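Read the structure below first, then the notes.
Where a number appears in this text, it was derived from the coordinates with a stated rule and is not lab data. Remember, predicted model here, so these are calculated numbers, not experimental data. Every residue, glycine among them, receives a Cβ derived from its backbone with ideal geometry; neighbour counts consider all protein chains shown.
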Amino acid sequence: MINSTTDIIVNGLDLKRIRAALDSIKADDKGDIANPGYRATVEWDSGFHSTTHTTDGQVVLSDEPKRYGGEEMGATPEDLLLAAVGACLVNTYIAALSAARIHVESLRMNVSGRVNFRTAFGLEAGTPGYENIKIVVDIQTDAPEEKVIALMDKVFPTAPIPDTIMRPVPIDVEIVHHAEATATHAS
């Protein structure tokens, strides 16, 4: 859909704004635009329930299913990881499809995997995380199948979240401990 002589909207994306963002990234080199920092503050609420506040002020609730002792008051961390992989890849893919002027009628990514809870709960040795993650892309477009496959092959390596989990990324943990205040009683 063309809104004016300067704005081109494809799949709900304003390509002029996308181009401006790309130009800003190119010009910024290693600054906050080209190399943004993200932060999530996760606060334990009760049981397995926690509340996360993201960089942009979004709130995400997390919990575990009742079968694992939770109350089902939010998505599991395992689901959130799959959601992050899928959402990142959807955004990367739809940007490429739109830039190629491919009109998308529907796009769905089914992201799945299995976690070894026997290892996670210390019942056996091994790797507790996902052993593999599978993504099935269900897409309807006005382009030939070969073109949408070629675009996915091109953009998949550029998607930050899938890239992050496919390579070793160090995680540094720092503990800031506050001793519980003890009540003093007058004698």
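Just a few scattered comments:
- Debye-formula intensities of the range 76-168, expressed as log10 I(q)/I(0) at q = 0.16, 0.17 Å⁻¹, are -0.70, -0.76 (one equal scatterer per alpha-carbon, no solvent).
- Candidates Ile135, Thr55, Ile171 compared by Cα position along the dipole of the chain: farthest toward the positive end lies Ile135, with charges placed on Cβ.
- Charged neighbours of Asp56, selected by a Cβ distance under 15 Å, balance to 0 (K, R count +1; D, E count -1).
- Size of the chain: Rg and Dmax of its alpha carbons, in Å, are 21.7, 84.
- Annotation: aspartates and glutamates with alpha-carbon distance below 20 angstrom to Lys147 (same-chain offsets under eight excluded): Glu105, Asp138.
- Taking 16 Å as the straight-line reach from the Cα of Lys134, the aspartates and glutamates in range (excluding those fewer than 8 positions away in the same chain) are Glu78, Asp79, Asp153, Asp163.
- Charge dipole (Cα centre; +1 on Lys/Arg Cβ, -1 on Asp/Glu Cβ; no other charges) of the chain amounts to roughly 500 debye.
- Within the chain, helices built from complete DSSP H runs that reach 15 Å or longer along their own axis (Cα positions) and carry a mean Kyte-Doolittle hydropathy of 1.0 or higher are 77-99.
- Whichever aspartates and glutamates have a C-alpha closer than 14 Å to that of Lys30, once near sequence neighbours (fewer than 8 apart) are set aside: none
- When you filter the trypsin sites (Lys or Arg not before Pro) in the range 34-96 for DSSP loop state and at most 15 other Cβ atoms inside 10 Å of their Cβ, you are left with Arg39.
- Remark on Glu72: its backbone amide H falls under 5 Å from those of Glu64, Lys66, a criterion applied only to residues 5 or more positions apart or on other chains, H modelled at 1.01 Å from N.
- Cβ-based net charge around Gly47, under 15 Å, with every Lys or Arg adding one and every Asp or Glu removing one: -4
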